[in-house]
There are 2 protein chains.
Amino acid sequence: MGDRHRLDEVLAQLRAGQDAALKRLLDFLRIPSISTDPAHRGDVRAGAEWLRDQLAGLGFAAQVHDTPGHPMVLARSAPGDARPLLFYGHYDVQPVDPLSLWSSPPFEPSVEDTPGGRVIRCRGASDDKGQLMTFVEAFRAWKAVHGELPSDLILLFEGEEESGSPSLRPFLTANAGALRASLAMICDTGMYADGRPAITTQLRGLVGEEVVIRGADRDLHSGSFGGLAANPVMVLAQALAALKDGAGRVTLPGFYDGVEDLPAELARDWDALGFDAGEFLGRVGLSLPAGEAGRSPLEMLWNRPTAEINGITGGYAGEGFKTVLPAEARAKVSFRLTGRQDPARIRAAFRDHVRAFVPVDCSVEFHEHGGSPASVMDTSDPAFAAAKRALGEEWGREAAFIGAGGSIPIAGDFREILGMDSMLIGFGRDDDRIHSPNEKYDLESFVKGARSWARILAALR
Amino acid sequence: MGDRHRLDEVLAQLRAGQDAALKRLLDFLRIPSISTDPAHRGDVRAGAEWLRDQLAGLGFAAQVHDTPGHPMVLARSAPGDARPLLFYGHYDVQPVDPLSLWSSPPFEPSVEDTPGGRVIRCRGASDDKGQLMTFVEAFRAWKAVHGELPSDLILLFEGEEESGSPSLRPFLTANAGALRASLAMICDTGMYADGRPAITTQLRGLVGEEVVIRGADRDLHSGSFGGLAANPVMVLAQALAALKDGAGRVTLPGFYDGVEDLPAELARDWDALGFDAGEFLGRVGLSLPAGEAGRSPLEMLWNRPTAEINGITGGYAGEGFKTVLPAEARAKVSFRLTGRQDPARIRAAFRDHVRAFVPVDCSVEFHEHGGSPASVMDTSDPAFAAAKRALGEEWGREAAFIGAGGSIPIAGDFREILGMDSMLIGFGRDDDRIHSPNEKYDLESFVKGARSWARILAALR
């Protein structure tokens, strides 16, 4: 197989082009493509155009497609007789606040020596520009050796992943013919904690909700009204506190419908990973698994649903003290979903739950912020075994099938709209600080990531 | 009595000087003496100096006394052989945010015709500058008629009442000799709801606490960590929600120690007031008494202790959605106290309660924001009956002994440090919007308030 696809030459080409590849990634990282902030709209487009130019330069038929939000980059190699593969990544990035916690400007990438090895420091380095470029550099080396790109590749790079992907499903639906492949390769995941290569075979879904409870038509004096008038902050605190019971289980009726225990084989695999919850939490200043009683830490992260308060506000938050009885309280709440939990039913159950706490003379309002079911891949497709073998050869360690606690709704969308499975392979690390200040991507992840894709391409072509 | 003190002439003098008195009050109101905001430090001092100048002009020996915080204004009339009386008010005011809800600039006073009569609109009009000036104008008229001030008056005007009075107790202790009187007259209270003159004979106390719960050393990605890592906002919500049981009772151990049911006589008096909770709440857009089961609305407001959340904040509160697991959560919480509840014990019980919810790998920090017991006056002092009679003569309605839900810690401090009782008489109305945007004071309260003090002075001199 390696012979037929001149894999050794492709890998040698990647080695020879390593410095140039890094320089290209740093150029890409300098574009502050924050999709959730309207002030960066032009930067997001600049990111799309930069990618389009790179891909066109390699011989892809590449286009920037406008959407009602940020653009999609779509590219294709020449048709052939291979199994068509779709490659997905995103070129937008998270906001950078609080800026004061960054040790260097978030969009001035640097390559730093750290005790853990060389790292590329920049917002988006790991999530997802560095990962996305491992695809691109593998294609580039292949082209250099073979004189042409691998056939039957479809590339889809999104610019709204960090802001809820509002244009994605309509785009998939409208372009289903052009996008349909036999398998999607998604590069937005990580390696296992200790640096073992991994294929993520299950992802949690997400329901996001914002709730606003209003009481009196103004902030009241807590002396004049306290004890008699409803306090929306207390109402909200009571509704949110009651989302979980003493054992850490979510109390919404029907919440666990569709949640399944791990298959025995996967449970054994996960146990064998030797996950150290104390070490994992210790890196962020914590020590104690705080989830459901009777569940292993990896189950809590990958195979159990959650309810979290992402933000709360109400009443006086300034310096000193103000004895107001607040007129209004707000919270942003999200649920991570597993198995076959239904986002719409969970959203409805949450709203019913909150409404039951709101006195008749107060009002409640809900705002929807995204919803997607969990994704559980069918690993019996032989491509999974082939990719697992290819990863093992590159990294010198057996690759693992793992789960992920985060949501990558695209995997569910590919299944639902395009009828295809996804293979989630990425080279991010747990300490990459994605969504936090001082995000980084290991140089090793970038270099060996591109080599891994070259090997997987050879195995699947 | 009226004859001996030429009361009719004093009242006529007040009538003749009414426009000039109003002009003086408007001048006073223009000073933005917000004590809790360091940016207004100079304005608070300007308020003190304005008052000192007014009082010195009337013949008081008046001084501005520096404190570690804002100054005290202290003034005395000539000694004589009357029962010495102390008059207390405060010249500082509440902050004005949210500014956008004011219909006119908060420190540009105006006199407006409203369906309820003419009102003086300004921050501090009712709380407490307008009330304080009813004292001063009564003294001014007395002086004009008698050629000298009433003897044996001590005036104490504070500049830190709205920011917890940090300098008050040390000042009372250090100046106990100069301040000791037989009775204190406090003008920081209101009339009964329907405009009936009232003497407030019991006040709730206050315990203010700020709590900060910290978890991870940064905001976390709720996908990567949710379900395993502690969420400080959820911990805080659970601790605060558990402060009350399903019947609206506060759950802290020992919380109700020292709380007493109303004496039968006072219960009858309060019933006779015909308090309409629906009407009272309706004025602020509410309708339903939300307090303890089995208690009358007036009990909830005046004779039952409370636990209220005054403010809460944690995690992402901006536009859109950010799936963070917050590193920190904060709340400001206050308790209103009645009877002989002990502020120190309640503060300790609250802290113990919260600590029991905090996981071992999170931290909690408390900040004290004031504490004072409730005040219950001894109404057997004949001065109470005399003042009640004088109020009835001015207003043409029998005055009532009532309670107040707010805290005026000074009454407790006077008892504890100076060994004297307080008589709480004020002319504020329930719809004065104190502590809220568009605060006002009825012109009638200002005019008849000054006349009421002239009558009370005559009755007690």
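Just so it is clear, none of the values below were taken in a lab; they were calculated from the coordinates. Since the structure is predicted, the reported quantities are computational estimates derived from the model, not experimental observations. Every residue, glycine as well, gets a Cβ built from its backbone with ideal geometry; the counts of neighbours run over all protein chains shown.
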Exercise. What whole number of Å gives the distance from the Cα centroid of the range B:20-51 to the Cα centroid of the range B:71-100?
Worked result: 13
Seminar exercise, completed: Under the helix-only model (-39500 (n - 2.57) for each DSSP H run of 4 or more, divided by the residues of chain B), the mean residue ellipticity at 222 nm, to 500 deg cm²/dmol, is -9500 deg cm²/dmol
Exercise. By how many degrees, 0 to 90 and rounded to 10, does the Cα axis of helix A:41-57 deviate from the longest principal axis of chain A?
Worked result: 20
For this session: Rounded to the nearest 10 degrees, what's the angle between the helix A:7-16 long axis and the longest principal axis of chain A, both from Cα atoms, 0 to 90?
Result: 70
Exercise. Taking neighbour counts of Cβ atoms within 10 Å as a proxy for exposure, in what order, fewest first, do A:Met133, A:Met377, B:Met72 appear?
Worked result: A:Met377, B:Met72, A:Met133
For this session: Taking the rotation that carries A onto B, look along its axis and tell me which residue of A has the beta carbon nearest to it, distance in whole angstrom.
Result: A:Ala241, 2
Exercise. Hey, what's the per residue convex hull volume over the C-alpha atoms of chain A, in cubic angstrom?
Worked result: 159
Problem set entry | Rg/Rh (Cα only; Kirkwood hydrodynamic radius) as it applies to the range B:1-79 | 1.09
Problem set entry | Spatially proximal lysines relative to B:Lys129 (Cα-Cα < 16 Å; intrachain offsets below 8 disregarded) | B:Lys23, B:Lys440, B:Lys448
For this session: List the pair-distance distribution P(r) of the range A:122-271, using every Cα-Cα distance, as the percent of pairs falling in each 5 Å bin from 0 up to the bin containing the longest distance, rounded to whole percents.
Result: 1, 5, 9, 11, 12, 12, 13, 11, 7, 6, 5, 4, 2, 1, 1, 0, 0
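Rounded to the nearest 5, what % of the DSSP beta bridges within the protein assembly as shown are antiparallel ones? If you can, show how the numbers build up before the last one.
Values: 105 of 147 bridges.
If I count the DSSP bridges inside the protein assembly as shown, around 70 percent turn out antiparallel.
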For this session: First measure r as the distance between the Cβ atoms of B:Ala16 and A:Phe366, then evaluate 1/(1 + (r/R0)^6) with R0 = 51 Å and state the FRET efficiency to the nearest 0.05.
Result: 0.25
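Give the calculated FRET efficiency between A:Asp257 and A:Arg169 to the nearest 0.05, with a Förster radius of 25 Å applied to their Cβ-Cβ distance. Walk me through the numbers before you get to the answer.
Values: r = 24 Å, r/R0 = 0.97.
Once the sixth-power term is evaluated, E becomes 0.55.
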Exercise. Using alpha carbon centroids, what distance separates the range A:394-461 and the range B:210-242, in Å?
Worked result: 29
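Can you check what the Kirkwood hydrodynamic radius comes to for the range B:309-461, Cα pairs only, in Å to one decimal?
Details: mean 1/r = 0.0503 Å⁻¹.
Evaluated over the range B:309-461, this radius sits at 19.9 Å.
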Exercise. Given label points at 7 Å from Cα along Cα→Cβ, what nm distances, shortest first, separate A:Arg345 from the same residue in every other copy?
Worked result: 5.1
For this session: For a footprinting-style exposure proxy, rank A:His65, B:His70, A:His369, A:His90 by other Cβ within 10 Å, fewest first.
Result: A:His65, A:His369, B:His70, A:His90
Seminar exercise, completed: Residues meeting the amide H criterion for B:Arg340 (H placed from the backbone, H to H distance under 5 Å, 5 or more places apart or on another chain) are B:Val259, B:Glu260
Problem set entry | Distance (nanometres) between label positions extended 7 Å along Cα→Cβ at A:Arg345 and B:Leu288 | 2.9
Seminar exercise, completed: For the range B:280-338, the Debye formula with one identical point scatterer on each Cα and no solvent gives log10 I(q)/I(0) at q = 0.20, 0.31 Å⁻¹ as -0.86, -1.26
Exercise. In nm, to one decimal, how far is the A:Asp276 label point from the A:Ser110 one, both placed 7 Å along Cα→Cβ?
Worked result: 2.9
Seminar exercise, completed: Rounded to one decimal in Å, the inverse mean reciprocal Cα-Cα distance for the range B:277-389, i.e. its Kirkwood radius, is 18.3
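Please compute the Kirkwood hydrodynamic radius of the protein assembly as shown from all pairs of different C-alpha atoms, in Å with one decimal. Intermediate results must be reported in sequence, preceding the final value.
Working: mean 1/r = 0.0319 Å⁻¹.
It works out to 31.4 Å.
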Exercise. Measuring label to label, 7 Å along Cα→Cβ, what does B:Ala176 give against each other copy in nm, shortest first?
Worked result: 8.7
Exercise. B:Pro115 label points, 7 Å along Cα→Cβ, one per copy: pairwise distances from this copy to the rest in nm, shortest first?
Worked result: 7.1
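For the range B:246-315, what does the alpha-carbon gyration tensor say about shape, rounded, prolate or oblate, given a ≥ b ≥ c as the root eigenvalues, a/c under 1.5 as rounded, and a/b over b/c as prolate?
Working: a/c = 2.64, a/b = 1.22, b/c = 2.18.
Here the range B:246-315 falls in the oblate category.
Full-extension gain between B:Asp217 and B:Ala356, please, as 0.36 nm times their residue separation minus the C-alpha to C-alpha distance. The partial results should precede the final answer.
Numbers: separation 139, 0.36 × 139 = 50.04 nm, distance 2.12 nm.
Working it through step by step, the gained length comes to 47.9 nm.
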Exercise. Gap in Å between the Cα centre of the range B:328-377 and the Cα centre of the range A:300-333?
Worked result: 19
For this session: Normalise the Debye intensity by I(0) for the range A:197-286, one equal point scatterer per Cα, no solvent, then take log10 at q = 0.19, 0.22, 0.26 Å⁻¹ and round to two decimals.
Result: -1.17, -1.26, -1.29
Exercise. Nearest 10 degrees, 0 to 90: what angle lies between the long axis of helix B:232-241 and the longest principal axis of chain B (Cα atoms)?
Worked result: 50
Problem set entry | Separation of the B:Asp53 and B:Ser103 label points, Cα + 7 Å toward Cβ, nm | 3.2
